[in-house]
1. Can you give the three extents of the C-alpha atoms in region 1-133 along their principal axes, from longest to shortest, in whole Å?
2. Ignoring ligands, DNA and RNA, please state the percent of accessible area on region 14-62 from carbon and sulfur, probe 1.4 Å.
3. Determine ³J(HN,Hα), in whole Hz, for all residues of region 74-85 in sequence, where each value follows from phi through the Karplus function 6.51 cos²θ - 1.76 cosθ + 1.60 and θ = phi - 60°; x replaces Gly and Pro.
4. How far apart, in nm, are two points set 7 Å out from the Cα along the Cα-to-Cβ line at ASP120 and at HIS30?
5. Compute from the Cα atoms of region 22-72 the Rg and the Dmax, the latter being the longest Cα-Cα distance, and quote both in angstrom.
6. For the pair ARG21 and ILE111, what calculated FRET efficiency results from E = 1/(1 + (r/R0)^6), where r is the Cβ-Cβ distance and R0 = 22 Å, to the nearest 0.05?
Amino acid sequence: MLVSKLILHIEDNFDNRILVRRLLQSAGYHIIEAENAYQAAASLYKYSPDLILMDINLPGIDGYTLTHKLKTIPGVSKIPIVAITANAMRGDRERSLLSGCDGYIEKPIDIDKFLDQVSDFITNHKTRDGKFEIIDYKTGTAPKGRDPRKDLQLSVYALAASDPGIWNER
């Protein structure tokens, strides 16, 4: 039996969210949607997606910065992030990858290729084992008896504290 994958789609444009939601749901994926960095962080506290689709041009904090910060959070850092962006100038792909994105899809989305791109990315980038990565920063080891969700919650709070302006776009 095929297990459905959970995808977090971070996109501020309503029409783009609808298109991606319809495409992904038609293939049996479960979707969580976030319009900005605050909603994305809240979703990551509650859910453990298999893939994050990241718009680069988000209000408040852009997708480059959010991706970079998410890659520093234990339990989130190993979730593959794919940039979905209309930024198609020379160097935009490289900038996305340098910020921590694991892949890049240009807008407008090619609806004939999109599902294959997502499927290939999930299949070929098995960087997660379905469990949270909990690391004690002082010892570099995973502490015993820790609740991964609590550590993720603390990491999300740390993300908020590192740049209070991130949450202005609620």
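1. Here the Cα extents, ordered largest to smallest, are 41, 34, 26 Å.
2. On the way: 1010 of 2210 Å².
Exposed carbon and sulfur together represent 46 percent of the surface.
3. Ordered by residue, 3J(HN,Hα) equals x, x, 10, 4, 8, 6, x, 10, 10, 6, 10, 8 Hz.
4. Going from the ASP120 label point to the HIS30 one covers 2.7 nm.
5. 11.5, 33
6. Details: r = 13 Å, r/R0 = 0.58.
So the FRET efficiency works out to roughly 0.95.
The values are calculated or read from the model by the stated rules, or taken from the named source; none is laboratory data. These figures come from a predicted structure and were not determined experimentally. Using ideal geometry, Cβ is built from the backbone for each residue, glycine included, and neighbour counts are taken over all protein chains shown. SASA here: full protein model, heavy atoms, side chains in, ligands and nucleic acids out. Shrake-Rupley method; radii C 1.70, N 1.55, O 1.52, S 1.80 Å.
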